[in-house]
Amino acid sequence: MATATVQPITDGSVTKHEARSTAHGYLQSRLAAKDTTSDTGFTIPVIDLTPSFSESLEDRKSVAAQIREACTTSGFFYVTHHGIPSSILQSILQQAERFFKLPLASKQDLHIKTSKYGYGWEPSEYTSLAGDLESKEGFNFGYEEGLDKSGGDGKYRNLDGSDDKANIWPKEEELPGFYEHVGEYYGAVLNLSRHMFRLFALSLDLPEDHFDAMVTHPGGIARLLYYPPPKHPQLTVSESVQEKEHIGLGAHSDYECFTLLLSSTTPGLEILRPSGHWHIATHIADAFIVNVADFMMRWTNGVYKSTVHRVVNRSRRIRYSVPFFFSVNYEQVIETLPTCLDEGEKPRYPPIGAGEYILERLNATTKDGAGFYGNAEVFEREGMS
Ligand SMILES: O=C(O)CCC(=O)C(=O)O
Ligand SMILES: [Fe+2]
């Protein structure tokens with residue numbers, strides 16, 4: 001395995017440069033790879049989490065072994081029997097539908113331009129992952145103690161270390177019950193993610209509680225996403241991009257540790273196989289799709305794969321989805337896990353702070369990477385919404 005020299009971190013700019021350039025290089029190299037070393041065995045395994053709730057460590061390890069297998073190959077897997085009732089899953093999808101049906105003026109009041117972290121309502125084309133015009137509309141929010149069933153430990157700070165209230169919520173009278181339903185869902189996926197982190201620890205030959213103290217007030221950005229059907233369904237994806245007919249969400253890898261994705265039945269998620277073909281993910285009722293994200297890839301020295309994916313809604317129906325990007329406490333600095341280094345092997349990535357890394361990656365999705373405030377200025381100057 002190729003290794004890179006560890007760069008010392010002398011100030012924030014070194015870290016930022018590293019966060020952005022490594023991610024960009026990784027995306028480009030994955031998109032360029034046309035490795036025909038047959039990937040016909042490419043699968044997205046379905047992992048039944050039932051034994052992970054058992055009293056028996058052996059049972060829990062059996063699930064961890066399946067997670068390891070998935071994370072070292074496709075980087076994606078489904079989880080079923082995860083303990084979150086179907087009613088909560090259906091309810092968040094209904095909240096997404098209600099939210100996006102709000103009058104434009106109400107959504108404008110929640111515009112992402114008033115947040116330096118990209119929270120709030122995001123009109124289509126406002127951010128771009130790979131330079132495409134993206135048809136998705138989003139509503140983004142992060143951790144707050146009121147959403148954490150554990151009550152948190154009072155130490156949560158925003159991505160940049162500040163402690164102001166960052167989320168932007170619709171008014172209760174405008175969308176009655178929205179916050180409560182969203183909170184119910186968020187609390188449930190947060191706890192499931194903490195549980196999954198224990199399985200990840202076992203999968204990495206670490207003590208089961210290795211990550212526990214790092215997720216007491218963790219970063220967890222959630223998005224409600226809306227993907228309209230294509231305006232001209234007869235066009236191919238490349239034609240439609242040329243015709244400025246939008247792609248849903250451009251090719252990217254996620255930033256955090258792992259993502260739990262829930263979606264409506266309309267397909268759309270496409271996963272890049274090593275051969276360069278896009279694998280269309282099938283919908284499994286009441287399951288989450290889980291994928292390793294870049295922070296976990298770095299942490300494991302590349303042993304766990306953060307796989308490129310995108311969304312293209314080729315159907316005539318609307319697609320809704322709700323990704324939850326699970327991180328660690330934002331002040332946590334990550335260094336390569338010792339169990340991921342062979343004897344004498346060097347870390348491929350320098351240590352990096354969680355919040356700093358994620359904010360840098362988010363900023364990279366704005367115009368010229370100027371950040372969300374900078375983006376608002378560009379849009380205003382150019383007379384766009
Ligand atoms: O909407 C989806 O199915 C996937 C969304 C996604 O990949 C993302 O938001 O990072
Ligand atoms: Fe993603």
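The values are calculated or read from the model by the stated rules, or taken from the named source; none is laboratory data. All figures in this text were calculated on a predicted structure; none of them were measured in a lab. Counting neighbours? That spans all protein chains shown, and the Cβs are built from the backbone with ideal geometry, glycine included.
Selection within segment 255-274: residues that are touching a Ser or Thr at 6+ places or on another chain (Cβ under 6 Å) and more than 11 Å from ligand 2 (Cβ to nearest atom). The member of this set that is nearest to Arg223 (Cα to Cα) is Ser263. List, please: which pairs have Cβ atoms under 6 Å, are six or more places apart or on different chains, and start with a residue in segment 64-77 that is crowded, with 23+ Cβ neighbours inside 10 Å and end with one that is basic (Lys, Arg)? Pairs found: Gly75/Lys305.
Would you confirm whether or not segment 263-276 contains a residue that is in a loop (DSSP other than H, G, I, E, B), on the phi > 0 side of the Ramachandran plot and touching an Asp or Glu at 6+ places or on another chain (Cβ under 9 Å)? Scanning segment 263-276 turns up at least one residue that is in a loop (DSSP other than H, G, I, E, B), on the phi > 0 side of the Ramachandran plot and touching an Asp or Glu at 6+ places or on another chain (Cβ under 9 Å).
Among the residues of segment 139-147, at least one is touching a residue at least 24 places away in the same chain (Cβ under 8 Å), touching a strand residue (DSSP E or B) at 6+ places or on another chain (Cβ under 8 Å), more than 16 Å from ligand 1 (Cβ to nearest atom) and assigned to a loop (DSSP other than H, G, I, E, B). Taken together, the residues in segment 207-254 that are more than 16 Å from ligand 2 (Cβ to nearest atom), more than 21 Å from Ser124 (Cα to Cα) and buried (at least 17 other Cβ atoms within 10 Å of the Cβ) amount to 6. Restricting attention to segment 294-307, and to residues there that are touching a Gly at 6+ places or on another chain (Cβ under 9 Å) and assigned to a loop (DSSP other than H, G, I, E, B), which single residue is farthest from ligand 1 (Cβ to nearest atom)? Taking the candidates together, the pick is Tyr304. Of all the numbered requirements in (1) away from ligand 1 (no atom under 16 Å from the Cβ); (2) more than 28 Å from Lys305 (Cα to Cα); (3) in a loop (DSSP other than H, G, I, E, B), Gly83 misses one, and that requirement is (2).
Scanning segment 293-321 for residues that are within 17 Å of Arg223 (Cα to Cα), modelled with pLDDT of 95 or more and either surrounded by fewer than 21 Cβ atoms within 10 Å (Cβ to Cβ) or of a type in the set (Val, Ile, Thr) (or both) yields a single hit, Ile318. Scanning segment 241-262 for residues that are under 27 Å from Gly25 (Cα atoms) and not in a loop (DSSP other than H, G, I, E, B) gives Val241, Gln242, Ile247, Leu249, Gly250, Ala251, His252, Phe258, Thr259, Leu260, Leu261.
Scanning segment 219-240 for residues that are over 28 Å from Lys305 (Cβ atoms), part of a helix (DSSP H, G or I) and more than 13 Å from the chain's Cα centre (by Cα) turns up at least one hit.
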